[in-house]
Amino acid sequence: MTFDYDDRNIFARILRGEIPNSTVFENDHALAFKDIAPQAPVHVLVIPKGPYVSLDHFAAAASADEQVGFFQAVAEVCRISGVDEGFRAIANTRSHGVQDVPHFHLHILGGTRLGRMLPA
Ligand code: AMP
């Protein structure tokens with residue numbers, strides 16, 4: 001599997017400051033911002049600052065510092081969002097996963113009971 005990153009995607013543009021976002025948390029390696037079309041009371045996207053197209057690309061190729069920084073951002077988002085009763089983390093990936101934006105992002109959804117993961 002090879003991974004080709006195209007920096008014309010909308011999250012790359014957000015990282016370059018070309019379009020605004022509603023930032024929840026940021027560190028050296030990750031940015032977290034509110035999803036523009038929320039599907040739950042809490043709906044935050046956590047993205048690495050590096051050029052990774054997907055979760056499997058990030059897991060295979062990101063440095064240890066990048067991976068730690070990313071998951072520290074996930075922890076902060078969960079703390080800030082107050083999802084103590086639970087949440088769902090989703091990484092839609094490529095065509096079968098119905099991924100729209102080809103820059104790895106983890107959806108953090110919560111604030112209500114979300115129902116089953118997939119339709120029965
Ligand atoms: P996915 O289908 O997993 O690639 O999800 C992409 C997500 O990005 C969707 O939930 C969109 O609502 C969200 N999105 C697209 N553009 C923006 C934007 N400019 N700011 C915040 N979220 C966005």
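The values are calculated or read from the model by the stated rules, or taken from the named source; none is laboratory data. In this text the structure is predicted, and so the values were computed from the model without any measurement. FYI the Cβ positions are ideal-geometry reconstructions off the backbone, even for glycines, and counts take in every protein chain you see.
Scanning segment 66-107 for residues that are among the basic types (K, R) and either farther than 23 Å from A12 by Cβ or under 13 Å from the mean Cα position of the chain (by Cα) (or both) yields R79, R88.
The criterion of being surrounded by 17 or more Cβ atoms within 10 Å (Cβ to Cβ) and within 27 Å of L114 (Cα to Cα) does not hold for V101. Evaluating S63 against the criteria (1) more than 21 Å from N9 (Cβ to Cβ); (2) in contact (Cβ under 8 Å) with a residue 40 or more places away in the chain; (3) among the hydroxyl-bearing types (S, T, Y) leaves one unmet condition, (2).
From G69, G86, G110, grab the single residue that is at pLDDT 95 or above, surrounded by 18 or more Cβ atoms within 10 Å (Cβ to Cβ) and either among the basic types (K, R) or more than 16 Å from the ligand (Cβ to nearest atom) (or both).
Of the residues listed, the single one that is at pLDDT 95 or above, surrounded by 18 or more Cβ atoms within 10 Å (Cβ to Cβ) and either among the basic types (K, R) or more than 16 Å from the ligand (Cβ to nearest atom) (or both) is G69.
Within segment 12-50, restricting attention to residues that are farther than 16 Å from A89 by Cα and charged (D, E, K, R), the residue that is farthest from the ligand (Cβ to nearest atom) is D28. Filtered by the rule that a residue be among the hydrophobic types (A, V, I, L, M, F, W, C) and either over 19 Å from D100 (Cα atoms) or crowded, with 18+ Cβ neighbours inside 10 Å (or both), segment 16-39 gives V24, F25, A30, L31, A32, F33.
Of all residues in segment 74-83, which are within 16 Å of the ligand (Cβ to nearest atom) and either over 11 Å from V42 (Cβ atoms) or of a type in the set (S, T, Y) (or both)?
V74, S81
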